[in-house]
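Before any comments, here is the structure.
Bear in mind that the values in this text are calculations on the coordinates, not laboratory data. Just so we're clear, the structure is a prediction, and the values are computed from it rather than from any experiment. Neighbour counts are summed over all protein chains in view; Cβ atoms, including those assigned to glycine, are modelled from backbone coordinates with ideal geometry.
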Amino acid sequence: MFRMLVCLSLLLSAQLGFADAEADIKYRKAVMKVVGGHMAGISTILRNGVYADDLAFHARGMANVAALVPGVFPAGSGEGKTEALPAIWEDEVAFKAAVDKFMTAANDMGTAADTGDNAAIAGTLKALGGSCKGCHDDYKAD
């Protein structure tokens, strides 16, 4: 009886661990969709001159969601239906540096938004885009 309880306990804890990884991945994907949504909004506004009054909202939103990114790659969340590459967890120092670059660029955009100067916001877009591309190139399977 004791062996059966131990086996059942191990099986259940393994399933719960996998469920947590699935939830981590699902949440990470949702956060990244928000990042992509704000980036698409910013790019569309700047390229097409539409909804200019919404530019600062998206810039601040990008800065806000960037603060979530360091926490959405917990250990154990690299297995499952994810495009996150193992390099994230294999070289955590390099990945942290890439995420810090993204956060800095997003915060710079948010700061520019606070000035109300759309040209300043546009000026921060290149650094932000470069930080996104850097992570995608090194840490995301396409």
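The Cβ shell under 13 Å around Lys29 holds other residues with a net charge of +2, Lys and Arg each +1, Asp and Glu each -1.
Would you give the gap between the C-alpha center of region 100-142 and the C-alpha center of region 24-41, rounded to a whole Å? So the two Cα centres are separated by 15 Å. Here the 3J(HN,Hα) profile of region 48-59, calculated from phi with Karplus coefficients 6.51, -1.76 and 1.60 at θ = phi - 60°, is 10, x, 9, 6, 4, 5, 8, 4, 5, 4, 5, 5 Hz, Gly and Pro shown as x. Taken one residue at a time, the phi angles of region 74-81 give Karplus couplings (6.51, -1.76, 1.60, θ = phi - 60°) of x, 3, x, 9, x, 9, x, 7 Hz. Gly and Pro are set to x.
Over the chain, dividing the summed -39,500 (n - 2.57) contributions of all DSSP H runs of at least 4 residues by the number of residues returns a 222 nm mean residue ellipticity of -26500 deg cm²/dmol. Across the chain, the mean sequence separation of Cα contacts (distance under 8 Å, 6 or more residues apart), normalised by length, yields a relative contact order of 26 percent. A simple rule links phi to the HN-Hα coupling: the Karplus curve 6.51 cos²θ - 1.76 cosθ + 1.60 with θ = phi - 60°, which for region 119-126 gives 5, 5, 5, 4, x, 7, 5, 4 Hz, with x for Gly and Pro. Once backbone amide H atoms are built at 1.01 Å from N, Leu85 has Lys140, Ala141 as its partners under 5 Å, excluding neighbours fewer than 5 places away on the same chain. Peptides 127-133, 116-122 ranked from most to least packed, by the mean per-residue count of other Cβ atoms within 10 Å: 127-133, 116-122.
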